[in-house]
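Worksheet: one structure, shown below.
The values are calculated or read from the model by the stated rules, or taken from the named source; none is laboratory data. Just so it is clear, the model here is predicted, and its values are computed rather than measured. Cβ placement follows ideal geometry from the backbone for every residue including glycine, while neighbour counts extend to all protein chains displayed.
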């Protein structure tokens with residue numbers, strides 16, 4: 001069974017523990033500049049939103065790569081960069097509609113989320129469960145459940161807490 | 001590891017930026033941030049220097065845990081001789097700036113001299129340069145932030161800046177980073193302004209490493225669990241912020257009200273953390289939009305608020321309709337209870353202005369409270385205020401003065417002096433509710449006795465963040481003591497002062513200590529840094545720092561006579577509440593405190609004490 005990173009921005013506090021966990025897992029240091037996940041702060045609206053690769057089934061980055069350096073890990077569903085094969089041409093960074101594949105000056109290669117081989121560090125580090133790692137077929141489960149709890153109740157409006 | 005062992009020395013007079021190695025021996029004795037930067041300051045600056053002279057220096061310092069995955073590991077401090085006090089100043093801030101400075105590869109920045117023309121410091125990893133700030137001078141913190149981001153076309157730059165308050169000489173100007181986090185107290189922003197240094201902009205991509213990564217990850221994970229499981233750090237602070245205290249402190253009769261005339265505020269519930277959650281009648285939305293964390297913080301006590309668009313302060317002014325940093329307890333108290341104003345939206349607006357123009361809401365609100373008392377007595381009249389009626393409880397007076405003070409205009413220039421200079425000027429020095437020139441925070445020491453000793457002996461003037469005995473006296477952390485008793489408080493204050501000095505030197509936030517003891521902090525430091533960092537060593541380091549700061553103040557001209565409280569707190573009993581009839585019993589506590597500190601009866605550390613601490 002495949003799992004997906006599931007992001008609930010409403011729970012994010014902007015602490016960047018996910019970025020530190022990601023860079024520690026992948027680079028052995030605390031360095032948000034090398035994180036595969038990024039938290040965006042929409043200050044004027046008071047919203048913080050973590051964002052990373054969603055592991056497209058038909059991945060633009062994978063198809064665009066001229067040297068087949070991006071491959072599918074069938075155990076996790078992640079599209080992984082083979083660093084030994086990547087030539088740093090950056091075509092994948094153009095192909096990705098979401099901007100989640102990025103070039104690193106320091107290495108001359110690209111980096112993207114690889115789900116940490118099936119145990120994503122960001123989800124483990126998130127103190128508010130804004131990032132979880134759940135059944136890929138049921139990312140809507142909790143939201144469905146919250147609404148389901150209302151179906152036989154008295155009429156109500158708004159989003160369940 | 002932990003430290004980068006790299007200091008950036010910026011000579012503003014010469015216009016040079018020079019890297020130098022960190023003094024590793026001092027790092028072992030003073031840890032980092034508050035302790036280590038103060039060591040640099042006392043070695044390099046004459047304690048008698050005019051705080052606003054080029055000979056004073058201003059240091060921006062991170063701790064060894066800044067920029068790591070330790071919870072709250074994003075703090076930095078600004079250390080200088082304070083403009084407001086003339087004493088040692090160390091103001092601590094969160095947000096993201098401190099971690100970014102560390103990510104760029106620097107432990108601290110020492111700024112010295114004075115630039116001939118306004119400049120800002122731009123740091124990109126190893127490279128640092130002073131750039132002309134012609135287009136920034138005269139701008140607010142918020143405008144400067146936007147202009148710098150636009151100029152460098154880099155949204156990831158983190159910025160620490162002064163606003164117009166720091167330029168126009170408000171004596172309690174703050175250094176504001178990330179738009180609404182502040183090194184707020186003692187006039188550190190005034191010193192920055194005196195040096196013609198408008199801002200420091202940093203982009204860091206080189207990362208932070210620690211000594212023993214595996215042990216560090218274990219230690220930080222265990223410590224994060226302690227924060228999550230604790231009722232204050234796991235529930236109270238995320239939901240209500242520090243504003244969780246407003247109703248609590250009011251009920252125990254220790255909420256200073258109307259310049260400390262009263263100890264309970266009838267409007268407290270209207271300006272409380274609970275009130276910030278209540279939907280407003282006008283638009284059906286609460287004042288609070290969300291909570292927000294600083295870098296690395298798993299508590300997330302920060303408040304993000306939005307002012308009611310129909311409120312008189314912002315009607316037809318959409319520039320103030322966006323969400324921004326909301327009220328924390330100290331600001332809500334100073335802008336509210338100290339002035340008798342219970343209009344939550346007016347306080348939020350005044351707080352926005354404090355962030356926008358860079359001035360300390362505590363000293364500002366307390367100074368407005370003092371001015372209102374002088375107005376009430378007829379000492380300050382409409383002639384001085386330009387017709388503005390400074391009545392206790394007047395939201396309009398408060399918000400107008402916030403505008404005037406932020407811009408250095410009209411009667412705002414008088415308010416910008418701080419309460420000590422203001423009350424002296426009008427012939428009533430006793431009405432300044434301050435110690436060593438710095439205004440009290442939100443705890444009345446008649447109702448919380450230990451705080452009287454805390455304030456009287458604080459090295460940076462009246463302050464709750466030097467020994468927060470409220471934890472013990474009100475909240476029962478680590479154990480409950482009687483807030484109305486002065487017995488045993490000397491030892492309590494000393495213990496809190498020493499531990500706090502260590503925490504302030506680590507890169508961590510003091511608020512963790514609602515849940516953490518040094519026993520939770522030591523393993524994190526020890527895994528990150530060279531040297532054996534135990535609880536005992538941290539306490540000794542804290543005591544060393546405290547005595548070093550004391551020595552600086554004594555050399556600056558302070559004496560035991562300055563370890564006191566305003567007459568009101570020592571002679572006018574609390575009128576209501578549990579502390580009714582009480583004054584602060586400082587005279588009972590102070591001699592014992594000196595003795596416990598190893599100081600003589602004049603409050604001077606003895607030779608034995610100094611040599612024991614290696615000073």
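Is it true that residue B:316 is touching a residue at least 40 places away in the same chain (Cβ under 8 Å) and farther than 23 Å from residue B:231 by Cα? No: the conditions fail for residue B:316.
Please determine, by comparing only the residues of region A:29-46 that are more than 9 Å from chain B (Cβ to nearest Cβ) and in contact with a helix residue (DSSP H, G or I) (Cβ under 8 Å, 6 or more places away or on another chain), which one is surrounded by the fewest Cβ atoms within 10 Å (Cβ to Cβ). Within region A:29-46, the match that is surrounded by the fewest Cβ atoms within 10 Å (Cβ to Cβ) is A:38. Of all residues in region A:95-122, those satisfying the criterion of being more than 12 Å from residue A:53 (Cβ to Cβ), exposed (fewer than 13 other Cβ atoms within 10 Å of the Cβ) and modelled with pLDDT of 95 or more are A:108, A:117, A:119.
Of all residues in region B:265-276, those satisfying the criterion of being over 24 Å from the mean Cα position of the chain (by Cα) and either without any contact (Cβ under 8 Å) to a residue 24 or more places away in the chain or part of a loop (DSSP other than H, G, I, E, B) (or both) are B:266, B:267, B:269. For region B:307-332, the candidate set comprises residues that are under 29 Å from residue B:470 (Cβ atoms) and not in a loop (DSSP other than H, G, I, E, B); within that set, the residue that is nearest to the other protein chains (Cβ to nearest Cβ) is B:324. Which one is nearest to the chain's Cα centre (by Cα) among residues in region B:517-534 that are surrounded by fewer than 22 Cβ atoms within 10 Å (Cβ to Cβ) and part of a loop (DSSP other than H, G, I, E, B)? Filtering first and then ranking leaves B:517. Scanning region B:88-104 for residues that are in contact with a strand residue (DSSP E or B) (Cβ under 6 Å, 6 or more places away or on another chain) and either in a loop (DSSP other than H, G, I, E, B) or closer than 20 Å to residue B:5 by Cα (or both) turns up B:94, B:95, B:96, B:97, B:98, B:100, B:101, B:102, B:104.
One line per residue, one yes/no per condition, for (1) buried (at least 20 other Cβ atoms within 10 Å of the Cβ); (2) within 21 Å of the chain's Cα centre (by Cα); (3) over 26 Å from residue B:554 (Cβ atoms):
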position	(1), (2), (3)
B:386	no, no, yes
B:422	yes, no, yes
B:445	yes, yes, no
B:462	yes, yes, no
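Please state which one of A:67, A:49, A:71, A:81 is within 14 Å of another protein chain (Cβ to nearest Cβ) and modelled with pLDDT of 95 or more. Full working, then the answer.
Working: A:67 fails: within 14 Å of another protein chain (Cβ to nearest Cβ); A:71 fails: within 14 Å of another protein chain (Cβ to nearest Cβ); A:81 fails: within 14 Å of another protein chain (Cβ to nearest Cβ).
Selected residue: A:49, the only one of A:67, A:49, A:71, A:81 that is within 14 Å of another protein chain (Cβ to nearest Cβ) and modelled with pLDDT of 95 or more.
Might you let me know whether region B:294-306 holds any residue that is away from chain A (no Cβ under 11 Å), touching a helix residue (DSSP H, G or I) at 6+ places or on another chain (Cβ under 7 Å) and under 15 Å from residue B:238 (Cβ atoms)? No: zero hits.
For region B:554-615, list the helices (runs of 4 or more DSSP H) that sit wholly inside it and hold at least 3 residues that are without any contact (Cβ under 8 Å) to a residue 40 or more places away in the chain; which are they?
B:586-597, B:607-612
Between B:66, B:72, B:80, B:85, the distinction of being within 13 Å of another protein chain (Cβ to nearest Cβ), touching a strand residue (DSSP E or B) at 6+ places or on another chain (Cβ under 9 Å) and either in a helix (DSSP H, G or I) or buried (at least 24 other Cβ atoms within 10 Å of the Cβ) (or both) belongs to B:66 only. Residue B:44 meets the conditions (1) surrounded by fewer than 18 Cβ atoms within 10 Å (Cβ to Cβ); (2) modelled with pLDDT of 95 or more; (3) touching a helix residue (DSSP H, G or I) at 6+ places or on another chain (Cβ under 9 Å) in every case but one. The failed one is (3). Looking for something surrounded by fewer than 24 Cβ atoms within 10 Å (Cβ to Cβ), within 14 Å of chain A (Cβ to nearest Cβ) and part of a loop (DSSP other than H, G, I, E, B) - is there at least one such residue anywhere in region B:218-239? Checked against the condition, which is being surrounded by fewer than 24 Cβ atoms within 10 Å (Cβ to Cβ), within 14 Å of chain A (Cβ to nearest Cβ) and part of a loop (DSSP other than H, G, I, E, B), region B:218-239 yields at least one hit. For residue B:288, the conditions (1) touching a residue at least 24 places away in the same chain (Cβ under 8 Å); (2) within 14 Å of chain A (Cβ to nearest Cβ); (3) closer than 22 Å to residue B:468 by Cα are fulfilled apart from (3).
Inside region B:490-508, residues that are out of contact with any strand residue (DSSP E or B) (no Cβ under 8 Å at 6 or more places or on another chain) and over 18 Å from residue B:543 (Cβ atoms) make up a count of 1. The helices (runs of 4 or more DSSP H) falling completely within region B:109-214 that include 1 or more residues that are touching a helix residue (DSSP H, G or I) at 6+ places or on another chain (Cβ under 8 Å) and away from chain A (no Cβ under 14 Å) map to B:164-168, B:188-194. Restricting attention to region B:40-62, does a residue exist that is within 14 Å of chain A (Cβ to nearest Cβ), touching a residue at least 24 places away in the same chain (Cβ under 8 Å) and closer than 19 Å to residue B:549 by Cα? Checking region B:40-62: at least one residue is within 14 Å of chain A (Cβ to nearest Cβ), touching a residue at least 24 places away in the same chain (Cβ under 8 Å) and closer than 19 Å to residue B:549 by Cα. Taking region B:150-170 as the range and being surrounded by fewer than 21 Cβ atoms within 10 Å (Cβ to Cβ) and closer than 22 Å to residue B:75 by Cα as the test, the residues that pass are B:155, B:156, B:157.
Within the bounds of region B:333-341, is there any residue that is in a loop (DSSP other than H, G, I, E, B), surrounded by fewer than 20 Cβ atoms within 10 Å (Cβ to Cβ) and either modelled with pLDDT of 95 or more or away from chain A (no Cβ under 12 Å) (or both)?
Scanning region B:333-341, I find no residue that is in a loop (DSSP other than H, G, I, E, B), surrounded by fewer than 20 Cβ atoms within 10 Å (Cβ to Cβ) and either modelled with pLDDT of 95 or more or away from chain A (no Cβ under 12 Å) (or both), so the answer is no.
How about region A:1-26: which of its residues are assigned to a helix (DSSP H, G or I) and either facing chain B (nearest Cβ under 7 Å) or buried (at least 18 other Cβ atoms within 10 Å of the Cβ) (or both)? A:17, A:18, A:19, A:20, A:21, A:22, A:23, A:24, A:25, listed by residue number.
Among the residues of region A:130-150, are any under 15 Å from residue A:6 (Cβ atoms), within 14 Å of another protein chain (Cβ to nearest Cβ) and in contact (Cβ under 8 Å) with a residue 12 or more places away in the chain? Yes: one or more hits.
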